[in-house]
Ligand SMILES: CC(C)(COP(=O)(O)OP(=O)(O)OC[C@H]1O[C@@H](n2cnc3c(N)ncnc32)[C@H](O)[C@@H]1OP(=O)(O)O)[C@@H](O)C(=O)NCCC(=O)NCCS
């Protein structure tokens, strides 16, 4: 069968940090994804104890191209994070799998000896998705339609299969016989776990506070973060809230008769996450233990109309490549794009819910597309350490019909 997978022998996730994830049109709505990425990148370097001048390569992820200088995002994230001017930067995209793709490409670069230390940054402003027109450069003809569309709404649609992302979850609900009650029950659990992880400080351990800040770069224009006056300092994810299933049950479905609502689908949020990935030589020279070893990666395609099942074949391919079985995996972090989608993956693979998204998922925390895979992998690595477990898998479904998965190892377990 066709397939795509990789094994890594001596690649290490040193450490990482992320910004809070903030509700669509909230305190981060005016921030450029570049500035959120610079902030996360700087904080990840600080947390990893790696000097920016030792970075060999910068890999960024961003889907929405949500600023006029978006072409420069990878370069500017690198430069304003402090990496030397001669260090190259690239932007990659695998939609909701982008964060994993950053880490995989860092793994490739390190394994092949292109680089020893790589800065990976995924950043997304869902709020600043443009209202776009593609065909008006030559002007407007009398009587011809003038077409501006909401890029965000259009981006959550797959014209090949004529389905929105929510409809792909409805398709899975029908195939797997998943009821609205089951989806709300899952979502209530995601909120409850995230509330607990916020209250016990676990989520706070990966979050940097964001406030007004200027990013200086000698010889070049300063840039930075300016929050709305009332926002003050943003220190925590703000979509997380107590959401019992009785309250979720009262929400209107997005499509009449469907199971998905605003309460049991991934929340639209803005934010960035970053990590430093390094070779074994760098990891061993550095003081302190790395978060995890990056062991393997896999991606797989599925029919676009059921894109949400993507993690299942990606995880199977990953396990086959690594010579492991599901029973070897202590924890899973699989993106909750939609409630019915994650339940379908859970059922397809026969996963135990006690090992899945134990600190809540995107239904509660939110899903800023290119940052999500980074958050999932960081959270997973930290939780593996906390529990003393060895292997973990992070994964997500990908619009258009794909899944991507990473295997990480806590080598101290
Ligand atoms: C589902 C979706 C369309 C909802 O968008 P929206 O209508 O803008 O959602 P809102 O945040 O305005 O919430 C709608 C209502 O539900 C309520 N609500 C949302 N979450 C809630 C919760 N946890 N508890 C109680 N009420 C909640 C809101 O308060 C709001 O109420 P109001 O209408 O009285 O103000 C959107 O979030 C979405 O598309 N999510 C999925 C994105 C996705 O698929 N990404 C993956 C790509 S593969």
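The values are calculated or read from the model by the stated rules, or taken from the named source; none is laboratory data. Values in this document were obtained by computation on a predicted structure and should not be read as measured data. Note that each Cβ is placed from the backbone with ideal geometry, even for glycine, and that neighbours are counted across all protein chains shown.
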Inset, instruction - State whether one or more residues within region 315-331 are within 16 Å of the ligand (Cβ to nearest atom), in contact with a helix residue (DSSP H, G or I) (Cβ under 7 Å, 6 or more places away or on another chain) and closer than 15 Å to residue 351 by Cβ. - result: no
Legend entry - Meets criteria (away from the ligand (no atom under 16 Å from the Cβ), outside any helix (DSSP H, G or I) and closer than 20 Å to residue 4 by Cα) for residue 393: yes
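Okay, residues lined up against (1) within 30 Å of residue 209 (Cα to Cα); (2) at pLDDT 95 or above; (3) surrounded by fewer than 24 Cβ atoms within 10 Å (Cβ to Cβ):
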residue	(1), (2), (3)
275	yes, yes, no
279	yes, yes, yes
302	no, yes, yes
306	no, yes, yes
Inset, instruction - State whether one or more residues within region 101-119 are within 18 Å of residue 36 (Cα to Cα) and within 16 Å of the ligand (Cβ to nearest atom). - result: no
Inset, instruction - Of all residues in region 163-199, count the ones that are in a loop (DSSP other than H, G, I, E, B) and either within 12 Å of the ligand (Cβ to nearest atom) or touching a strand residue (DSSP E or B) at 6+ places or on another chain (Cβ under 6 Å) (or both). - result: 0
Inset, instruction - Could you tell me whether residue 310 is at pLDDT 95 or above and out of contact with any helix residue (DSSP H, G or I) (no Cβ under 6 Å at 6 or more places or on another chain)? - result: yes
Legend entry - The lone exception for residue 302 - which of (1) out of contact with any strand residue (DSSP E or B) (no Cβ under 6 Å at 6 or more places or on another chain); (2) under 17 Å from residue 183 (Cα atoms); (3) within 16 Å of the ligand (Cβ to nearest atom) it fails: (2)
Legend entry - Count - residues of region 2-24 that are in a strand (DSSP E or B), within 16 Å of the ligand (Cβ to nearest atom) and crowded, with 23+ Cβ neighbours inside 10 Å: 1
